[in-house]
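The values are calculated or read from the model by the stated rules, or taken from the named source; none is laboratory data. All values derive from a computational prediction rather than experimental measurement. Counting neighbours? That spans all protein chains shown, and the Cβs are built from the backbone with ideal geometry, glycine included.
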Amino acid sequence: MASPGEKERILIVDDSRDTLEVLHRNLSAEGYKVYTAPGPVEAIAILQASPVDLVITDLKMPKASGLDLIRHVRENHRSTEVMMITGYATIEGAVEAVKTGADEYLAKPFTDQELLSAVKRSLDRLQLRKAGQAESPRPAPAPYGLIGESAPMLRVFGAIDKAASATATVLIAGESGTGKELVARAIHYRGSRASAAFVPVNCGGIPEGLLESELFGHVKGAFTGAVETRAGFFQTADGGTIFLDEISETSLSMQVKLLRVLQDKDVCMVGSSQPRKVDVRVIAATNKDLLALVHKGQFREDLFYRLNVITISMPPLRERGDDILLLINHITKKYTRELGKATPRFSERALQILRGYQWPGNVRELENVIQRLIIMSETDLIEAPDLPTLMRFSALSGAGLNRTLAEVEAEHIKNVLSSVDGNKTRAAGILGIDRKTLRDKIKSAENQAG
């Protein structure tokens, strides 16, 4: 694949000059680097001279056919996808092209959108195949221990840098398992307090009756069992950072005490009337909508605004696109090292399922799944049946018997299209209808959904 920031390279092979010009113009307009060749001989010369991600070839050409070129690519260029286009579309031709090694089969005439969709499917498939290999196609960037190249994560990295250069309170919002503590640690260790303590506190994991003592400390005899004076987390973090995870789980009375620390920079130990100054940066995190809790009277508005000086929103894994492939590679290597096992490969179908799953538990859930797969795997290839049953069949869980015939038909068409990666010609053949009827049914379903 092309390196980060560089568009993929596509080679178009067709004996029709007009076709070459049209495809070159359309794909170049999308930012792809495009090569053209009038036949397989010229195409092979280009493949030997330059790396190519995708070959789009005509079927019928003089001297050598597109099938001959496909065979050459499959035997000599493992990192190249192949798409067949032809004006002589037949079922036999499609079957032969697929058997020879073509991943996409597009019948002329086709629309610009059909072409671009097929190209994207091919390049996505190439990325999945490379991600499933033992070696990563490129090292995954891991600033601050966080893995990601998606736009949402790049925004998080930028926010970390800005927050680290300041001393203001930070509120990190996001679903459970998205990596909020990693972000808090990154801010601390990138900032001026890096040499001092970073103290994480799970506010939801400490009983309400003990939380005040844990946070602020207590003096000897303050309550039954207080046999000695003990400092709290705030004193331990003096000069450094305290990370208050699940801040939404604190009671209103505890929120008053936290507000006093933020305002006055001093704490009062349980059983003492003498406040003590502390120099602590506060980073808080929540998996709930604090502003909604404020409106319900369940979280103090003044504390919310004290915490919400700098806000960083962690994206859920399902919105991070191909970051999941980088994470799979990173987590797989981590656990194979720990367990002393050989690094397994993932089949293309397994990666498709992992890529399409909704991940309600986010990165934490992904890590648990990969760890289990590595422990339980008996071969060096992880395939779709090896994945958890819930993951493989989650898409079917919402199917009920209270739907109209039109809804059932629309879902079936959608599933068939998905099974052939959106190829309308192949979908129409499976459904037993022509392409025009299929287009009409798709349009009708879209209108109903709208």
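Here are the numbers:
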{"item": "Residues of region 239-255 satisfying the condition of being part of a helix (DSSP H, G or I) and of a type in the set (S, T, Y)", "result": "S248, S253"}
{"item": "Only one of L258, L182, L210 that is aliphatic (A, V, I, L, M), surrounded by 19 or more Cβ atoms within 10 Å (Cβ to Cβ) and part of a helix (DSSP H, G or I)", "result": "L258"}
{"item": "Every residue from region 292-305 that is surrounded by 15 or more Cβ atoms within 10 Å (Cβ to Cβ) and in contact (Cβ under 8 Å) with a residue 12 or more places away in the chain", "result": "L293, F299, R300, L303, F304"}
{"item": "Members of region 336-366 that are touching a residue at least 40 places away in the same chain (Cβ under 8 Å) and assigned to a helix (DSSP H, G or I)", "result": "E348, A350, L351, Q352, R355, N362, V363, R364, E365, L366"}
{"item": "Any pair with Cβ under 9 angstrom, 6 or more apart, that starts in region 241-255 at a residue that is at positive phi and in the same structural domain as P200 (by TED's automatic domain parsing) and ends at one that is of a type in the set (D, E, K, R) and surrounded by fewer than 20 Cβ atoms within 10 Å (Cβ to Cβ)", "result": "E246/K288"}
{"item": "Verdict on V256 being out of contact with any strand residue (DSSP E or B) (no Cβ under 8 Å at 6 or more places or on another chain) and among the hydrophobic types (A, V, I, L, M, F, W, C)", "result": "yes"}
{"item": "Hey, I283 under 39 Å from the mean Cα position of the chain (by Cα) and outside the structural domain of L171 (by TED's automatic domain parsing) or not", "result": "no"}
{"item": "Pick from region 350-373, criterion crowded, with 20+ Cβ neighbours inside 10 Å and closer than 24 Å to L182 by Cα, ranking: modelled with the lowest pLDDT", "result": "Y357"}
{"item": "Whichever residue in region 48-73 is in contact with a strand residue (DSSP E or B) (Cβ under 7 Å, 6 or more places away or on another chain) and in a helix (DSSP H, G or I) and, among such residues, is nearest to V22 (Cα to Cα)", "result": "G66"}
{"item": "Any chance T36 is in a helix (DSSP H, G or I) and assigned by TED's automatic domain parsing to the domain that holds E104", "result": "no"}
{"item": "Members of region 306-322 found to be surrounded by fewer than 20 Cβ atoms within 10 Å (Cβ to Cβ) and touching a residue at least 60 places away in the same chain (Cβ under 8 Å), listed by number", "result": "R306, N308, V309, I310, T311, S313, P316, E319, G321, D322"}
{"item": "Pairs with Cβ under 7 Å, 6+ apart, first in region 105-121 and in the same structural domain as E30 (by TED's automatic domain parsing), second acidic (D, E) and surrounded by 20 or more Cβ atoms within 10 Å (Cβ to Cβ)", "result": "A118/E104; R121/E104"}
{"item": "Scan of region 262-320 for residues that are among the small types (G, A, S) and in a loop (DSSP other than H, G, I, E, B), ordered by number", "result": "G271, S272, S273, G297"}
{"item": "Some residue of region 150-170 being among the acidic types (D, E), at pLDDT below 95 and part of a loop (DSSP other than H, G, I, E, B)", "result": "no"}
{"item": "Near pairs, Cβ below 7 angstrom, 6+ apart or cross-chain, from region 182-204 (in the same structural domain as I247 (by TED's automatic domain parsing)) to any residue that is acidic (D, E) and in a loop (DSSP other than H, G, I, E, B)", "result": "N202/E246; C203/E246; G204/E246"}
{"item": "Any hit, region 330-340, residues being within 29 Å of G174 (Cα to Cα), within 17 Å of the chain's Cα centre (by Cα) and not hydrophobic (A, V, I, L, M, F, W, C)", "result": "yes"}
{"item": "Those residues of region 36-60 which are under 16 Å from L123 (Cα atoms) and either modelled with pLDDT of 90 or more or surrounded by 15 or more Cβ atoms within 10 Å (Cβ to Cβ) (or both), in sequence order", "result": "V52, D53, L54, V55, I56, T57"}
